[in-house]
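Undergrad: Okay, here's the structure, questions in a sec.
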Amino acid sequence: MKTGFRFSMSALHTWAGLLLSGLLFAIFWTGTLSVFDKEIDRWMMPQTRINMDTAPKLSVDRDIVPLLNSLSESATAWSIVLPSERKPFLGLGYDTKESHIAKRNSFHPVTLDQLPASNTRGASRFIYPFHHNLTLRKSNIGAWLVGIASIGMLCLLVSGIVIHRRLFTDFFSFRVWRSFSRGNLDAHNLTGVLLFPFTLVITLSGLMIAHLIYFPKAPDAVYEQMHPQSAAHTQKTPAKEITSLRQKIDNKSKTPKAREGAGNSPARRRFIGESQGRVTPKASGEFATITSIDPLITATEEELGRGAVYMVRVSNPADAEGVIALRLSSDKSVAQNMDNRRFSVATGADLDHFESSSVTNVFNFLAGMHYVQFDHWPLRWFYFIAGLGACVLIATGLLHWTQARNQKHDGTRFSISFMNVHNLSAVMGIIVATGAFLVANRLFNNSVHFAGVLVPDLEVYVFFSVWMCCVLHGVIRVLINKRSGYIKAWGEQCWAIAFIAISAVVLNWLTTGDHLIKTLFKDTYWPVATIDLLLISSAAIAIFAARKLSANLKLNIGR
Amino acid sequence: MMHIGLIASFVCAYVGFSCWAISQTQHWRTVIGGPFPSQEMVRTQRFFGMVMVALSLIIALFNDGFSFGALVWVLILSLAAILVAFSLVWCPSLLSYINKVISYFYFANAVEKTNKP
């Protein structure tokens, strides 16, 4: 029996790959799509397809404050998310007398009319959550599974480098013409080695940003024992003010549950307050008229650059102790910007500047690098391509295991047949399901209900049902013919991807009138054009793959 | 302007990796053919490759600043290396042109001093 470090690493690579690759492919696939989550949202929510090029800048005082006053007279907090290139509508959040749970609505940035509700989860409320918690929210089971898979990915990456015998010799080797298995292994090695920095950093940062799920008691351990004066939470705030802010945070626990941070332990609230500067002051009960907000935004943007403020949060808008917090945008830096500026509601006086500490900024850099919320289009595309490369890495790894065994045993063993179906479901299944999710969105065309089921839920049911159908299709094909049934199933699912992708483009045209010629040349709207072009490219690649598989199948039968 | 800097950084990384690829026996055979160059020539090619990759970093940092530049450069390196691998399969003549240009300026007559692979 072989022994030694390299053999142990090889065993680890094989077993971690077999057990986790299916899950890892789903995580990386949805993560890659999440790079363009807002663009997919625009595609799936036609009422939010608004061109911001010609929209005039909104005035908070003239346009938004009267609107908020008319919507809710006695709100305890307002949140105003200003329109941006990727989110081209005004987002307003406010609570009402009847409920402390904040209402969130979208408004047209020019007419200020309320936009019709989007009856879909879109990418930002389905594909993105699937990426980090598999939509299994109960007891954070999904997040824990993703965490385990991420640790497995780190093991796979490092062990993969250790077992690669010709790391430098085969650095650029891609012998695609020699044989399928050679080309497949070279593609696996190529993406594994050349994308190593990306996959390593993206996996590690993914684990680190979910630290409060994996180590929920960590803030308690530090903050429960810490004396309030011992840790300065900002670089500019004096210790006296920190103490008063902490008291305000602690007082918050006595307010209704809907308030920010409710349900967290006092230690965790203190940790969030110190690291993110999220505090909600208590109302004094003394009436005050809200000061003008526009000059505050202008002054901040003069100092930090145009578009520096992305959100205005007003706590207690009609109270003398109310606070206007200007949250700063992360557009111009890789690091997630948690800084904010606070002003008095009554006088507009500068109360506090929250600036993340150096340590928090290291974390913010890692988080920003993972969340990709910055305004840098080439980098966003690089992330997307590298994400697809990571998907290729996982898929080719899975295929490498079955390919060698299929040739040796003709797929007659149960384990090999099982893995053939698993590979098909893990790789093709989720791609077909994603396409079906988009097609379902256009077929239901923003209806509220269909057959008594809410359409946002129905789209998700379609996604999972189609995925299950792909599994079933694989099982049937492999049961009919263990030797080459899986090749037939791969080919058929490639045709399914091509059909679904083209259908999605055509349905988008029929239901919204936004065809490619219009979104590219006549009335240019890049988010929709990009998604349509990506769908057409996927269809072309799928047709090419299906034809190759069909030729391969003929060769296999002729053998 | 931002895109020109990015493209320049990508091209430098691509040329740098092309030099490294050509300095390997199997890729030399694919791209150039004929006798493998001397060790001195190989070392010079790899040094030039390293200089080009370093130049790519400098351009990325100047173009995008430190935080964006570093991140852009890491991704450019990965993608440029993959593109070199693809070029070796589908368009090796592109690399031979790069080699010709580099040889013309830097390694004139160096190919004459050859070793067996």
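Read-outs: derived from the displayed coordinates by stated rules, not from any lab. Quantities reported herein were computed from a predicted structural model and do not represent experimental measurements. Heads up, the Cβs are rebuilt from the backbone with ideal geometry, glycines too, and the neighbour counts pull from every protein chain shown.
Undergrad: Multiplying the sequence separation of A:Thr511 and A:Met52 by 0.36 nm and subtracting their Cα-Cα distance, what value in nm do you get?
TA: 163.0 nm
Undergrad: Right, another one. In a GNM of chain B with a 10 Å cut-off on Cα contacts, which of B:Ser93, B:Ser67, B:Ser103 has the highest mean-square fluctuation?
TA: Taking springs between Cα atoms under 10 Å, the residue moving most is B:Ser67.
Undergrad: Could you calculate the contour length gain from A:Ala551 to A:His211, that is, 0.36 nm times the residue separation minus the distance between their Cα atoms, to one decimal place in nm?
TA: 117.5 nm
Undergrad: Greater than 20 Å separation of Cα atoms is the criterion. Which listed pairs, A:Lys57/A:Lys522; A:Lys97/A:Lys282; A:Lys138/A:Lys217, meet it?
TA: Beyond 20 Å: A:Lys57/A:Lys522.
Undergrad: Within 10 Å of each residue's Cβ, count the other Cβ atoms and sort A:Leu553, B:Leu95, A:Leu458 from fewest upward.
TA: With the fewest neighbours first, A:Leu553, B:Leu95, A:Leu458 line up as A:Leu553, A:Leu458, B:Leu95.
Undergrad: Now a separate question. Just the Cα atoms of the protein assembly as shown, one point each, no solvent: what log10 I(q)/I(0) does Debye give at q = 0.10, 0.12 Å⁻¹?
TA: After summing over all Cα pairs, the log10 values are -1.10, -1.44.
Undergrad: Further question on the same structure: Based only on the alpha carbon positions, what is the Kirkwood hydrodynamic radius of region A:78-220, in angstrom?
TA: It works out to 19.7 Å.
Undergrad: Simple spin-label model, 7 Å along Cα-to-Cβ: A:Val362 to A:Glu301 in nm?
TA: Taking the two extended label points, one gets 3.6 nm.
Undergrad: Let me ask you something else. Listing B:His3, A:His108, A:His131 from the residue with the fewest other Cβ atoms within 10 Å to the one with the most, what is the order?
TA: Listing B:His3, A:His108, A:His131 from fewest to most nearby Cβ atoms yields B:His3, A:His108, A:His131.
Undergrad: How crowded by other chains is B:69-81, given as the mean number of beta carbons from other chains within 10 Å of each beta carbon?
TA: Going residue by residue through B:69-81 and averaging, the value is 5.
Undergrad: Let me ask something else about it. Using the Karplus equation 6.51 cos²θ - 1.76 cosθ + 1.60 (θ = phi - 60°), what ³J(HN,Hα) coupling, rounded to whole Hz, does each residue of region A:535-541 give in order, writing x for Gly and Pro?
TA: My calculation for region A:535-541 gives 5, 5, 4, 4, 4, 4, 5 Hz in order.
Undergrad: May I pose another question? Can you give me the relative contact order of chain A as a percent, contacts being Cα pairs under 8 Å and 6 or more apart? Display every interim value, and only then the final one.
TA: On the way: 813 pairs, mean separation 85.7, N = 559.
Dividing the mean separation by the residue count of chain A yields 15 percent.
Undergrad: Find how many whole Å separate the alpha carbon centroid of region B:1-55 from the alpha carbon centroid of region A:488-559.
TA: What the calculation gives is 36 Å, centre to centre.
Undergrad: Taking Rh as the Kirkwood radius computed over C-alpha pairs, what is the Stokes-Einstein D of region A:69-122 at 25 °C in a medium of viscosity 0.890 mPa s, expressed in µm² per second?
TA: For these conditions, the coefficient is 204 µm²/s.
Undergrad: What FRET efficiency do you get for A:Ser99 and A:Ser447 if R0 is 25 Å and r is their Cβ-Cβ distance, rounded to the nearest 0.05?
TA: My answer for the efficiency is 0.40.
Undergrad: Another question, if that's okay. Just want the ordering: A:Ser333, A:Ser447, A:Ser181, from fewest to most Cβ atoms lying within 10 Å of their own Cβ.
TA: Taking fewest neighbouring Cβ atoms as first place, the list is A:Ser447, A:Ser181, A:Ser333.
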